[in-house]
Amino acid sequence: MKQINFISSVFIFLVAISCSTNDTITINPIVGTWKPIKESGFAANGSPEVFEKTPCEQTSRFTFATNGNFTYTEFDDDEGGGCVPDESYILDGTWVKLTTGRYEFSFTYFNSNTQQSESDSQIPDKVTFLNDNTTMRIIEQEDEGESYLELVRVN
């Protein structure tokens, strides 16, 4: 009997969806899992620098969920030549797209070595999506120009 109720519920749900208007559901392009591939900044003399992430660092992941939560898992090159998760701190938080089109990230760092946490909030100057939303740049304006973190969609 439970199976019949479940099948009936699924059927009603599918009929309701198929009978709805032709409005398309737009998922925010930030939703998904991203790996960092490069970072740009400026040297002390003001000249631009771009740092490609190592294959190990590219194992790190930002995951942005549709419910407005995100997590970050970082991997570092081990001195012995391996790739290890950086468990010294944990980063998670929330994201929201503001009416201005900018994103706000609120997050908490937890340092497992000191057992202390710190909360912060940040609104980058720009978040852009390139290559059919498969590349994301989180951009900050500096006196010297733009610095950014570039990520590529994993899924």
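The values are calculated or read from the model by the stated rules, or taken from the named source; none is laboratory data. In this text the structure is predicted, and so the values were computed from the model without any measurement. Using ideal geometry, Cβ is built from the backbone for each residue, glycine included, and neighbour counts are taken over all protein chains shown. Please note that ligands, DNA and RNA were not included when accessible areas were found on the heavy atoms of the full protein model with its side chains. Shrake-Rupley method; radii C 1.70, N 1.55, O 1.52, S 1.80 Å.
A compact table of results
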| item | result |
| --- | --- |
| Identity of the residue in the range 94-103, open to solvent by less than 70 Å² (accessible area, probe 1.4 Å) and of a type outside the set (Gly, Ala, Ser), that ends up farthest from residue 61 (Cα to Cα) | 98 |
| Verdict on residue 91 being of a type in the set (A, V, I, L, M) and at pLDDT below 95 | yes |
| Residue that is surrounded by the most Cβ atoms within 10 Å (Cβ to Cβ) [pool: residues in the range 117-155 that are without any contact (Cβ under 8 Å) to a residue 40 or more places away in the chain and closer than 18 Å to residue 58 by Cα] | 138 |
| Cβ pairs under 6 Å, 6+ apart, first in the range 58-81 and more than 26 Å from residue 27 (Cα to Cα), second among the β-branched types (Val, Ile, Thr) | 75/59; 77/54; 78/84 |
| Unmet requirement for residue 57, which otherwise passes all of (1) in contact with a Ser or Thr (Cβ under 6 Å, 6 or more places away or on another chain); (2) on the phi < 0 side of the Ramachandran plot; (3) not hydroxyl-bearing (Ser, Thr, Tyr) | (1) |
| Cross-chain or 6+ apart pairs with Cβ under 9 Å, the range 87-98 first and farther than 12 Å from residue 121 by Cα and among the charged types (D, E, K, R), then open to solvent by 50 Å² or more (accessible area, probe 1.4 Å) and part of a strand (DSSP E or B) | 97/104 |
| All positions within the range 51-93 that are open to solvent by 60 Å² or more (accessible area, probe 1.4 Å), among the small types (Gly, Ala, Ser) and part of a strand (DSSP E or B) | none |
| Sole exception among (1) in contact (Cβ under 8 Å) with a residue 24 or more places away in the chain; (2) loosely packed, with under 14 Cβ neighbours inside 10 Å for residue 114, by number | (1) |
| Subset of the range 102-121 [small (Gly, Ala, Ser) and either part of a strand (DSSP E or B) or modelled with pLDDT of 95 or more (or both)] | 106, 117, 119, 121 |
